[in-house]
Amino acid sequence: MPYDTQPKASHFINGAYVEDTSGTPIDVIYPATGEKIATVYAATPAIVDQAIESARNAQAAWAAMSGTERGRILRRAEQIMRERNHDLSVLETYDTGKPYQETSVVDATSGADALEYFGGMAATLTGEHIQLGENWVYTRREALGVCVGIGAWNYPTQIACWKGAPALACGNAMIFKPSETTPLCALKVAEILHEAGLPAGIYNVVQGMGEVGSALVTDPRVDKVSLTGSVPTGRKVYAAAAEGIKHVTMELGGKSPMIVFDDADIENAVGGAILGNFYSSGQVCSNGTRVFVHKAIKEKFLTRLTERLGNAVIGDPMDPDTSFGPMVSERQMNIALGYVEKGKAEGARLVTGGARLDREGFYMQPTVFADVTDDMIIAREEIFGPVMAVLDFEDEDEVMARANDTEFGLAAGVFTKDLTRAHRVAARFEAGTCFINTYNDAPVEAPFGGSKNSGVGRENSKAAIAHYSQLKSVFVRMDDVEAPF
Ligand code: NDP
């Protein structure tokens, strides 16, 4: 390994790396080769306890600092992340298999954006004054306390920052549990935050599988849980959090529609469909995996799509020219390949791809099915791999009803040159994040999250502040108290 991928220790607690080899070992596998690149150990109950205690002990003093002081530390961390972008991107590529071409512009950079944005916002967080004649009420915006972040494996650095930055800006402490599949990058985020001056105990990382997440979520000393994961896990975590009436943010899965009308710019629509299905080898929650294409342009769309997929550079993810890498794990690749078989069995037309690549690592081809119908499994279930389903439509009302006929509501997109239709369709989508003539943009300034089974709450933007703080109302009486007796 040209890079040292083995972390100094498995966990980061109270400002320092901590090891406990009595936990279950977790091998970290480089998806491009299948080789082991590191081992970490799942947190034992003692490690979980240590992380929660250190967060609890440190949080009040952190919340008592001014927003300007807290923000300054976050922005210093942002600077360090940007300076180390290359090394962080290489590590993210080892952890996830995503091409360096992507990780160098999307992962640590978007984490840094969150630190910059919420670092800047920390000083602006205020309550309000409500005058009631001579008397008044003022509100204090207060931290929640100890927040738990639980991450998925597709964007480990980004998720660690998208949850950490607003939590810390609001004066909370965080304990972050990365996915067991990608445990490396969150440790670097913790290291950088502390190098930037974060007090010990405010951002902790513990490793482990679902049991560790569950132990954190059910602990009465934890005040909030933010999960990025699948809908089934979301149900479990939400239910466990409900027992303790904890605050939650749920960023869950999707099966998002993308509608291409017959007046659309075909090149842009094909580009959007490629970004929304094959970026990160299709392992993106908001992907527009149900591509509804107007019958009049369907064959033209499929021809251009196939031609452009032929330009994908599939190979070594560390090569900056590679634009399509392996999937995160053998398990995830087999899940996606299993869906390809289901699509074929259900009678969908395989236009391109569909197979594992004959090389080491967990590579499968970018895959497109056409003539997909709404009832097919590949049109209903989240695949979380590079498998696009193209469905036909002719009428706007018909396609809207079909696009919304899903348990999910994470994202939705429309390609059309008709201005009023674009906004009408966006208004009718049952989804938290919509795109007009683009797909999968996720700038920190905009709220991100799902409706229906895709989630609760919003990440990024000013909206995230409401999910990491609570309001206290303070009534102030200037005149005498009038009591009945
Ligand atoms: P999972 O739901 O399998 O896991 C998510 C996280 O939850 C992991 O860290 C996992 O640990 C942990 N976990 C599992 N069970 C429990 C439990 N009972 N209590 C607490 N924590 C638990 O998702 P994946 O990691 O497979 O990620 C893919 C999913 O994430 C997809 O459905 C995708 O759509 C969604 N996602 C959503 C995004 C969004 O913003 N809406 C963004 C990215 C992904 P471990 O895996 O280590 O066992």
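The values are calculated or read from the model by the stated rules, or taken from the named source; none is laboratory data. Note that this is a predicted model, so its numbers are computed, not measured. Cβ coordinates were reconstructed from backbone atoms using ideal geometry, including for glycine residues, and neighbour counts include every protein chain displayed. Note: accessible area is taken over every heavy atom of the protein model, side chains too, but ligands, DNA and RNA are not part of it. Shrake-Rupley method; radii C 1.70, N 1.55, O 1.52, S 1.80 Å.
Which pairs do you get when a residue that is in a helix (DSSP H, G or I), found in the stretch 202-217, comes within reach of a residue that is near the ligand (Cβ under 8 Å from one of its atoms) and basic (K, R), reach meaning Cβ atoms under 8 angstrom, with the pair 6+ apart or on two chains?
V212/K177; G213/K177; S214/K236; L216/K177
Being in a loop (DSSP other than H, G, I, E, B), surrounded by 15 or more Cβ atoms within 10 Å (Cβ to Cβ) and among the small types (G, A, S) is the filter here; which residues of the stretch 340-373 pass it?
Hits for the stretch 340-373 are A348, G353, G354, G361.
If you take the residues of the stretch 212-247 that are among the hydroxyl-bearing types (S, T, Y) and within 7 Å of the ligand (Cβ to nearest atom), which of them is farthest from the chain's Cα centre (by Cα)? Quick ask: steps written out before the conclusion?
Going through the stretch 212-247, the residues among the hydroxyl-bearing types (S, T, Y) turn out to be 214, 218, 226, 228, 230, 233, 238.
Retained after the next criterion (residues that are within 7 Å of the ligand (Cβ to nearest atom)): 214, 228, 230, 233.
On the way: S214: 19, T228: 6, S230: 11, T233: 14 Å.
By that ranking, first place goes to S214.
So which residues in the stretch 140-155 are more than 16 Å from the ligand (Cβ to nearest atom) and either in contact with a Pro (Cβ under 9 Å, 6 or more places away or on another chain) or hydrophobic (A, V, I, L, M, F, W, C) (or both), if there are any at all?
Selection gives A143, L144.
So which residues in the stretch 272-316 are over 20 Å from A348 (Cβ atoms) and without any contact (Cβ under 8 Å) to a residue 24 or more places away in the chain, if there are any at all?
Selection gives E307, G310, N311, V313, G315.
Being surrounded by fewer than 24 Cβ atoms within 10 Å (Cβ to Cβ) and modelled with pLDDT of 95 or more narrows it down to one of A169, A200, A186, so name that one.
A200
Here is a yes/no grid of residues against (1) touching a residue at least 40 places away in the same chain (Cβ under 8 Å); (2) out of contact with any Phe, Trp or Tyr (no Cβ under 6 Å at 6 or more places or on another chain); (3) more than 16 Å from the ligand (Cβ to nearest atom):
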residue: V425; (1), (2), (3): yes, yes, yes
residue: E430; (1), (2), (3): no, yes, no
residue: A442; (1), (2), (3): yes, no, no
residue: G450; (1), (2), (3): yes, yes, no
residue: V456; (1), (2), (3): yes, yes, no
residue: E459; (1), (2), (3): yes, no, no
residue: A464; (1), (2), (3): yes, yes, no
residue: K472; (1), (2), (3): yes, yes, yes
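Which residue pairs have Cβ atoms under 7 Å apart, sit 6 or more places apart or on different chains, and have a first residue in the stretch 341-356 that is of a type in the set (D, E, K, R) and a second that is assigned to a strand (DSSP E or B)?
K344/L350; R349/F369; R349/A370; R356/M364
Look at R221 and say whether it is in a helix (DSSP H, G or I), out of contact with any Leu (no Cβ under 7 Å at 6 or more places or on another chain) and either open to solvent by 60 Å² or more (accessible area, probe 1.4 Å) or of a type outside the set (S, T, N, Q) (or both).
no
Got at least one residue in the stretch 55-77 being under 19 Å from the mean Cα position of the chain (by Cα) and at pLDDT 95 or above?
For the stretch 55-77, residues under 19 Å from the mean Cα position of the chain (by Cα) and at pLDDT 95 or above: absent.
Filter the stretch 448-485 down to the residues that are buried (at least 17 other Cβ atoms within 10 Å of the Cβ) and aromatic (F, W, Y), then identify the one that is farthest from the chain's Cα centre (by Cα).
Checking each candidate, the answer is Y468.
Working only within the stretch 297-311, note down all residues that are open to solvent by less than 70 Å² (accessible area, probe 1.4 Å) and touching an Asp or Glu at 6+ places or on another chain (Cβ under 8 Å).
Matches in the stretch 297-311: I297, K298.
Hey, among A312, A296, which residue is touching a Pro at 6+ places or on another chain (Cβ under 8 Å) and either within 16 Å of the ligand (Cβ to nearest atom) or aliphatic (A, V, I, L, M) (or both)? Before the answer, list the steps.
On the way: A296 fails: touching a Pro at 6+ places or on another chain (Cβ under 8 Å).
Matching residue, one of A312, A296: A312.
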